[in-house]
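Worksheet: one structure, shown below.
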Amino acid sequence: MTKQLAIMEFALLIALIAAIPLIVVGKVVGDRTGLVTASWYGERYRGKPTASGELFDPDKLTAAHRRLPFGTKVRCQLGKKFVVVTITDRGPFVKGREIDLSRAAFQRLANTDAGLIQIRMKVLK
């Protein structure tokens with residue numbers, strides 16, 4: 001009986017994990033909005049392959065995220081300014097940063113001299 005219960009619990013756990021559409025470090029879940037730290041990356045990576053296989057172009061509205069699936073659209077907002085980016089890469093790998101925007105995407109929100117900004121991030125699809 002104990003072995004059967006353990007198997008059922010394991011199966012339930014797997015089903016629950018499969019049913020979770022998106023979990024992002026406890027800050028953004030599904031369609032909820034979260035306040036996160038954004039950084040940017042640019043020219044140094046131009047033409048280099050991203051984790052998705054696409055060549056990086058700092059002039060496109062793309063971003064890197066550690067867990068969101070490639071192709072996910074994310075709305076990034078700072079005050080009244082916003083930009084919609086597509087996740088094409090993995091990162092940032094610096095503690096405290098949630099999303100790494102392409103230079104073009106970051107510039108839609110703030111001057112790149114800022115380096116880091118606090119944005120509202122919403123997963124669209």
Query raised in the report: From Arg97, Arg67, which residue is crowded, with 16+ Cβ neighbours inside 10 Å, out of contact with any Lys or Arg (no Cβ under 7 Å at 6 or more places or on another chain) and among the basic types (Lys, Arg)?
Result: Arg97
Query raised in the report: Which numbered condition trips up Arg75, out of (1) part of a strand (DSSP E or B); (2) at pLDDT 95 or above; (3) exposed (fewer than 15 other Cβ atoms within 10 Å of the Cβ)?
Result: (3)
Report summary line: When segment 91-119 is checked residue by residue, the ones that are among the basic types (Lys, Arg), in contact with a strand residue (DSSP E or B) (Cβ under 6 Å, 6 or more places away or on another chain) and farther than 11 Å from Trp40 by Cα are Arg108
Query raised in the report: Does Lys95 fit the bill of being under 19 Å from Gly34 (Cα atoms) and at pLDDT below 95?
Result: yes
Query raised in the report: Do you know which residues across segment 87-111 are of a type in the set (Asp, Glu) and part of a loop (DSSP other than H, G, I, E, B)?
Result: Glu98
Query raised in the report: Quick one: would you say Ala51 is over 17 Å from Leu116 (Cα atoms) and modelled with pLDDT under 95?
Result: no
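The values are calculated or read from the model by the stated rules, or taken from the named source; none is laboratory data. None of the values given here were measured: they were computed from a predicted structure. Because the Cβ atoms are built from the backbone with ideal geometry, glycine has one as well, and the counts that use them run over all protein chains shown.
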